Amino acid sequence: MPELGSDVPFSLIRGPRLGEGRGEVLTPLETGGTFHWVFAVADGGLSTPAVYGECDRLRAAAGADPGPGQPSASPALLAALRAGDAAALAASVSHSNDLQPAALSLRPSLAATLAAGTEAGALAALVSGSGPTTAFLVKSREDGERVAAALAASGTCRAVRGAAGPVEGAVVVA
């Protein structure tokens, strides 16, 4: 029987959460505003185990040691969320995905998608999780529409979707 991923609880629990452990330990986060995002879906997938393996390979080749224990959320990121400050959030997430170099190594075309979103005015552009979806933080819904249109026209992705959050999570319908 297939198992659910550790990230599934995020979509089932209301409100923003900090995921720790493998992502299954969730702590509520305070947010002070709405954040607008654009997601670009790549044409084709990336294997999560392959991305983690490439991350390990790249770290070993660079002589980098990820260090003991679990990573923790940066105080700057948490403060930006509390303040509802999109520019500060952009600064804190721009280089925060440790899996991004590995995803880009396995799928170099994602770099063109990231560049297209940045050139269109996104405040931040990053690979979402292990990819191949890319995420773009924008200042407003209108900016999101502009970035989404530019990404759709760029030919670097299969689909584009906008979202605003925080969101309330899943609702059980009887």
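Take the conditions more than 22 Å from THR34 (Cα to Cα), part of a helix (DSSP H, G or I) and of a type in the set (A, V, I, L, M) and apply them to ALA174. Does it pass? Write out each step before concluding.
Values: more than 22 Å from THR34 (Cα to Cα): yes; part of a helix (DSSP H, G or I): no; of a type in the set (A, V, I, L, M): yes.
The answer is no for ALA174.
Any residue in the stretch 165-174 that is farther than 25 Å from PRO28 by Cα, small (Gly, Ala, Ser) and modelled with pLDDT under 95?
Yes, the stretch 165-174 contains at least one residue that is farther than 25 Å from PRO28 by Cα, small (Gly, Ala, Ser) and modelled with pLDDT under 95.
Does the stretch 100-113 include one or more residues that are small (Gly, Ala, Ser), under 29 Å from LEU29 (Cβ atoms) and surrounded by 15 or more Cβ atoms within 10 Å (Cβ to Cβ)? Don't jump to the end; show me each part of the working.
As a first pass, look at the stretch 100-113 and keep what is small (Gly, Ala, Ser): 102-103, 105, 109, 111-112.
Subset that is under 29 Å from LEU29 (Cβ atoms): 102-103.
Right, trim to surrounded by 15 or more Cβ atoms within 10 Å (Cβ to Cβ) and you get 102-103.
Yes.
For the stretch 127-156, give me the residue count where each residue is among the hydrophobic types (A, V, I, L, M, F, W, C) and either in a strand (DSSP E or B) or at pLDDT below 95 (or both).
Summing the residues that are among the hydrophobic types (A, V, I, L, M, F, W, C) and either in a strand (DSSP E or B) or at pLDDT below 95 (or both) in the stretch 127-156 gives 5.
Just for the stretch 114-155: of the residues that are among the charged types (D, E, K, R) and touching a residue at least 12 places away in the same chain (Cβ under 8 Å), which one is surrounded by the most Cβ atoms within 10 Å (Cβ to Cβ)?
Pass one, the stretch 114-155, residues among the charged types (D, E, K, R): 119, 139, 141-143, 145-146.
In the following step, the residues that additionally are touching a residue at least 12 places away in the same chain (Cβ under 8 Å) were identified as 119, 139, 141, 143, 145-146.
Details: GLU119: 13, LYS139: 16, ARG141: 12, ASP143: 19, GLU145: 14, ARG146: 16.
In this case the residue turns out to be ASP143.
Could we say that ARG82 is among the basic types (Lys, Arg), surrounded by fewer than 17 Cβ atoms within 10 Å (Cβ to Cβ) and in the same structural domain as PHE136 (by TED's automatic domain parsing) here?
No, not satisfied.
Would you be able to say whether some residue in the stretch 10-27 is in contact with a Leu (Cβ under 7 Å, 6 or more places away or on another chain), surrounded by 11 or more Cβ atoms within 10 Å (Cβ to Cβ) and assigned by TED's automatic domain parsing to the domain that holds LEU126?
No, because not a single residue in the stretch 10-27 is in contact with a Leu (Cβ under 7 Å, 6 or more places away or on another chain), surrounded by 11 or more Cβ atoms within 10 Å (Cβ to Cβ) and assigned by TED's automatic domain parsing to the domain that holds LEU126.
Please go through the stretch 32-50 and give me each residue that is in contact with a strand residue (DSSP E or B) (Cβ under 8 Å, 6 or more places away or on another chain), in a loop (DSSP other than H, G, I, E, B) and surrounded by 14 or more Cβ atoms within 10 Å (Cβ to Cβ), ordered by number. First the steps, then the outcome.
From the stretch 32-50, those in contact with a strand residue (DSSP E or B) (Cβ under 8 Å, 6 or more places away or on another chain) are 34-42; that's our starting set.
Of the ones still in play, those that are also in a loop (DSSP other than H, G, I, E, B) are 34, 42.
The answer is ALA42, and nothing else.
Could you grab me the full set of residues in the stretch 5-31 that are assigned to a loop (DSSP other than H, G, I, E, B) and at pLDDT 80 or above?
PRO16, LEU29, GLU30, THR31
The values are calculated or read from the model by the stated rules, or taken from the named source; none is laboratory data. In this text the structure is predicted, and so the values were computed from the model without any measurement. Here the Cβ is made from the backbone with ideal geometry for all residues, glycine too, and neighbour counts use every protein chain on show.
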